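Structure record follows, encoded as structure tokens.
The values are calculated or read from the model by the stated rules, or taken from the named source; none is laboratory data. Worth saying up front: this structure is predicted, and the values here are computed from it rather than measured. Don't worry about glycine lacking a Cβ; one is built from the backbone with ideal geometry, like all the others, and counts go over all protein chains shown. Just the protein is used for accessible areas: all its heavy atoms, side chains included, with ligands, DNA and RNA removed. Shrake-Rupley method; radii C 1.70, N 1.55, O 1.52, S 1.80 Å.
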Amino acid sequence: MTQSTIRKVCVVITARPSYARIKTALNAIRRHPCLELQLVVGASALLDRYGKVVDVIRADGFEPDAVVYMVVEGENLVTTAKSTGLGVVELATIFDNLKPDVVISVADRYETIATAIAASYLNIPVAHVQGGEVTGSIDEKVRHAVTKLSNIHFVSNRQAAERVIRMGEDPSTVFVTGCPSIDLAAQVLENADNTFDPFSRYPGVGYQFDSSEDYLVVMQHPVTTEYQDALVQIQHTLEAITVLDLPTFWFWPNVDAGSDRISKGIRHFRETRDLARIYFYKNMAPEDFLRLLTGAKCLVGNSSVGIRESSYLGIPVVNVGNRQTGRDRGPNVTDVDCDRDQIIQAVKKHLANGLFPRSTLYGDGHAGERIADLLATVQLKIDKRIMY
């Protein structure tokens, strides 16, 4: 392929999880002789209160071609809708300037649909990563809407592929690549780092403990369709972790509607209780988070990490509430209501049982390479028709 026919691939990263979901594909695209990587970083990935993911991205050697500030303050339903609209406006200008041959949109967040809308109206083909999966909350609508706006589908497994095809997408545009986040999990397992000390490497808040002890990891986000209940829901989890009285690494929620209710609940609990065995983080590099996770006895909360990466790592998971309703999951996941006693009993059961066998439900560790190779060769088109 000559320089004039090298394809420009624009990847939009807008949040902590979306970077982990696409990082190995970024590396593979950058290395590929027939592709040119264009990187746009925006939304909560730029904000310090959510861990300023852009700093991690730059530390990994990726320099954004553009940044987009698009988060409207408030963390409620209205500001989420407004942030989506602002994202469409800003991303349209960025895509017009960069003139990519294809835009990659990741997963199911509101920024993801803004990416797909802006690119579609500029007649730029859209490639969607992680389509065809079933989730709870507003994410269910967003993910499938992005599928209909997309021209190329890089899905995690056969079940997801079948759902995308049943939605009327052309089977020739649907590719089972696996999820790039599983690539990172595979790399972490292959290159074990027994010297990793999260306390010295990352700033946080709380009481440090001996990380060689048995510990838990907690990551709980708001459920946007239940955002008004976010405070009560996080209180149940806080009470459960306090009763369990195990060393715990707790990660801050993402930017969805209800996030500030969870944050306020954590702060109030932290200020009124003696939480001598809990340490709070905003963010850390994806590989380091997975290193931390591989040493955990159990992951508690409602993050998709419990469904995806934890299945590959065999980490026991207590999935709290409805945020991951309907997702394909491995035997490592126990589902409970947002109820203190249910959480406690499920964690105790996992502690007694230990690790689970590794699952390849969401990939085998080579998704990034497959995605890059396909982007270099797949037909790029903007027209679509429903397949009957």
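Tell me, what is the 1.4 Å probe accessible area of residue 70, in Å² to the nearest 10?
0
Treat each spin label as a single point 7 Å out from the Cα along the C-beta direction, and report the residue 325 to residue 345 distance in nm.
2.2
For every helix of n ≥ 4 consecutive DSSP H residues, a contribution of -39,500 (n - 2.57) applies; sum these over the chain, divide by its total residues, and give [θ] at 222 nm rounded to the nearest 500 deg cm²/dmol.
Dividing the helical sum by the residues of the chain leaves -12500 deg cm²/dmol.
Restricting things to Cα coordinates, could you compute the convex hull volume per residue of the chain in Å³?
For the chain, the hull spanned by Cα atoms encloses 125 Å³ per residue.
What is the angle, in °, between the Cα long axis of helix 180-190 and the longest principal axis of the Cα atoms in the chain? Nearest 10 is fine, range 0 to 90.
Relative to the chain, helix 180-190 is tipped by roughly 50 degrees.
In angstroms, what radius of gyration and Dmax does region 61-124 have, counting Cα atoms only?
12.0, 36
If the cut-off is 25 Å between C-alpha atoms, which lysines fall inside it for residue 148, apart from same-chain ones fewer than 8 positions away?
Result set, ordered by chain and number: 8, 23, 82, 99, 381, 384.
In Å, what Rg and Dmax follow from the Cα atoms of region 54-183?
15.0, 42
For the Cα atoms of the chain, what angle does the longest principal axis make with the long axis of helix 110-121, in degrees from 0 to 90, nearest 10?
0
Output needed: percent of Cα pairs per 5 Å distance bin for region 268-321, bins running from 0 to the one holding the longest distance.
4, 16, 24, 23, 18, 11, 4, 0
What net charge is computed for the residues neighbouring residue 252, neighbours being all others with C-beta under 14 Å from the C-beta of residue 252, Lys and Arg scored +1, Asp and Glu -1?
Once all neighbours under 14 Å are counted, the net charge is +4.
Using only the alpha-carbon atoms, how far is helix 340-353 inclined from the longest principal axis of the chain? Give it as 0 to 90 degrees, nearest 10.
Approximately 90 degrees, to the nearest 10.
With the chain treated as a Gaussian network of Cα nodes joined by springs under 10 Å, which of 366, 221, 268 yields the largest mean-square fluctuation?
The residue with the greatest mean-square fluctuation here is 268.
Given the options 154, 95, 209, which has the most mean-square fluctuation in a GNM of the chain, springs set between C-alpha atoms less than 10 angstrom apart?
Highest fluctuation of the listed residues: 209.
Leaving out ligands, DNA and RNA, and with a 1.4 Å probe, what % of the accessible surface on region 55-125 is carbon or sulfur?
In region 55-125, the share of accessible area belonging to carbon and sulfur is 55 percent.
Using the heavy atoms of the protein chains and a 1.4 angstrom probe, tell me the accessible area per residue for the chain in square angstrom.
Dividing the accessible area of the chain by its residue count gives 40 Å².
Quick check: net charge around residue 203, other residues with Cβ under 15 Å of its Cβ, Lys/Arg +1 and Asp/Glu -1?
Computed value for this residue: 0.
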